[in-house]
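In what follows, a structure is listed as structure tokens, so that the remarks can point back to it.
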Amino acid sequence: MIGATAEYCVLFSAIAGCIKEAVDEWRKPGAWSYADLLATILGGLVIQIEVWIA
């Protein structure tokens, strides 16, 4: 079961990153950062890889 949910880590982190960047943009126009979004997505990828290895 964990293996199946781990496949969604990147998707969930991408959704979370987009929501976070949207809130940042709403609070301060021009604050959207693709670098922050990429870092969030890569964090989800790292967790997904760790679950696959374990």
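The values are calculated or read from the model by the stated rules, or taken from the named source; none is laboratory data. Remember, it's a predicted structure, so these values are computed and weren't measured experimentally. Cβ: placed from backbone, ideal geometry, glycine included. Neighbour counts: every protein chain shown. Side chains are part of the model used for accessible areas, which takes the heavy atoms of the whole protein and leaves out ligands, DNA and RNA. Shrake-Rupley method; radii C 1.70, N 1.55, O 1.52, S 1.80 Å.
Excluding ligands, DNA and RNA, the accessible surface per residue across the chain is 75 Å² with a 1.4 Å probe. The share of accessible area on the chain that comes from carbon and sulfur is 74 percent, using a 1.4 angstrom probe. Remark: accessible surface ordering of TYR8, TYR34 (largest first) is TYR34, TYR8, probe radius 1.4 Å.
Using Cβ point charges alone (K and R +1, D and E -1), the dipole size of the chain about the Cα centre works out to roughly 120 debye. Axis of helix 9-27 versus longest Cα principal axis of the chain: the two differ by about 10°, to the nearest ten degrees. To the nearest ten degrees, helix 34-53 and the longest principal axis of the Cα atoms of the chain are 10 degrees apart. Selection among LEU42, ALA16, THR5 by position relative to the dipole of the chain gives ALA16 as farthest towards the positive end (Cβ unit charges, Cα centre). Global size of the chain: 13.0, 42 Å for Rg and Dmax (C-alpha atoms, Rg to one decimal, Dmax whole).
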